[in-house]
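What follows is a set of notes on a single structure, which appears directly below.
The values are calculated or read from the model by the stated rules, or taken from the named source; none is laboratory data. Only a predicted model underlies this, so the values are computations on that prediction, with no experimental measurement involved. All Cβ positions, glycine included, derive from the backbone under ideal geometry; neighbour counts span all protein chains shown.
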Amino acid sequence: MKPTGTRDHLLSTGLRVLHARGFHASGVQDITAAAQVPKGTFYTHFDSKEQFGAEVLGRYWEHRASNAIALLSDEARSPLQRLKAYFASKTRDRAAGPFNTGCLIGNFSAEMATDSRLVRDRLGSVFAAWTSLLSRCIREAQAAGEIRASLQPDTIAAFLIDAFEGAVLRAKVERDATALLRFESIVFSLILT
């Protein structure tokens, strides 16, 4: 379906609602009320709440990916410095916002992976794209001798994502950045050396 102003507004508003409250705790009525549009407008643009959730997740990732690409491809820094800057920016973002929202990717993974094939497939695509972005930079760091070459870049990238998402989840519980700072400290002083 061709994007429209109302459709875009519903996605932007829905992202905020779903990120703050969760998928199952947010009804279509909550989304349309926050967007200040009639409930029927939602179904003009989306076949189901599940489709809407998958599209919201896609929008969230697009924003995250554009930030990641900017940091991970900044040739003014070495590849390892780019990785450090990337995770430091993610920690700053988490610390600046409310800790209770966590990461929409992690939230949807925990909440929707068993309930929705559509969302699970979108999550799989997001994790694959995220892994690819990090893997490219890791490969460059290995070629530059900044990271040991004994592990596959995709394996390292997947581990970093898994560990970071775990740290975000813990930060959500503890409502502070300690887990995120611990992640950065361990990864960049012991693992990626």
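A few remarks follow.
- Condition met for Asp115 (under 15 Å from Gly22 (Cα atoms), of a type outside the set (A, V, I, L, M, F, W, C) and more than 14 Å from the chain's Cα centre (by Cα)): yes
- Annotation: Asp8 fulfils all but one of (1) closer than 30 Å to Leu180 by Cα; (2) under 20 Å from the mean Cα position of the chain (by Cα); (3) not aliphatic (A, V, I, L, M); the unmet one is (1).
- Candidate set: segment 109-131, residues that are hydroxyl-bearing (Ser, Thr, Tyr) and either touching a Pro at 6+ places or on another chain (Cβ under 7 Å) or assigned to a helix (DSSP H, G or I) (or both); chosen: the one surrounded by the fewest Cβ atoms within 10 Å (Cβ to Cβ): Ser125
- Selection within segment 48-98 - among the aliphatic types (A, V, I, L, M) and farther than 21 Å from Phe159 by Cβ: Ala54, Val56, Leu57, Ala70, Ala76, Ala95, Ala96
- For Ala158, the test of being in contact (Cβ under 8 Å) with a residue 24 or more places away in the chain and touching a helix residue (DSSP H, G or I) at 6+ places or on another chain (Cβ under 6 Å) is passed.
- Number of the exception - Ile186 against (1) among the aliphatic types (A, V, I, L, M); (2) in a helix (DSSP H, G or I); (3) touching a residue at least 24 places away in the same chain (Cβ under 8 Å): (3)
- When each of Leu83, Leu10 is tested for being more than 21 Å from Ser132 (Cα to Cα), at pLDDT 95 or above and of a type in the set (A, V, I, L, M), the lone residue that passes is Leu10.
- Checklist (1) modelled with pLDDT of 95 or more; (2) assigned by TED's automatic domain parsing to the domain that holds Leu133; (3) farther than 16 Å from Val119 by Cβ; (4) surrounded by 13 or more Cβ atoms within 10 Å (Cβ to Cβ) applied to Trp61, failing item: (3)
- Against the numbered list (1) outside the structural domain of Ile105 (by TED's automatic domain parsing); (2) at pLDDT 95 or above; (3) of a type in the set (Ser, Thr, Tyr), Thr4 comes up short only at (2).
- Of everything in segment 113-163 that is touching a Gly at 6+ places or on another chain (Cβ under 9 Å) and among the hydrophobic types (A, V, I, L, M, F, W, C), the residue that is farthest from Phe188 (Cα to Cα) is Leu118.
- Residue within segment 140-148 that is outside any helix (DSSP H, G or I) and crowded, with 21+ Cβ neighbours inside 10 Å present: yes
- Members of segment 94-133 that are at pLDDT 90 or above and either outside the structural domain of Asp162 (by TED's automatic domain parsing) or among the basic types (Lys, Arg) (or both): Arg117, Arg120, Arg122
- Selection within segment 69-89 - in contact with a helix residue (DSSP H, G or I) (Cβ under 7 Å, 6 or more places away or on another chain) and among the charged types (D, E, K, R): Asp74, Arg77, Arg82, Lys84
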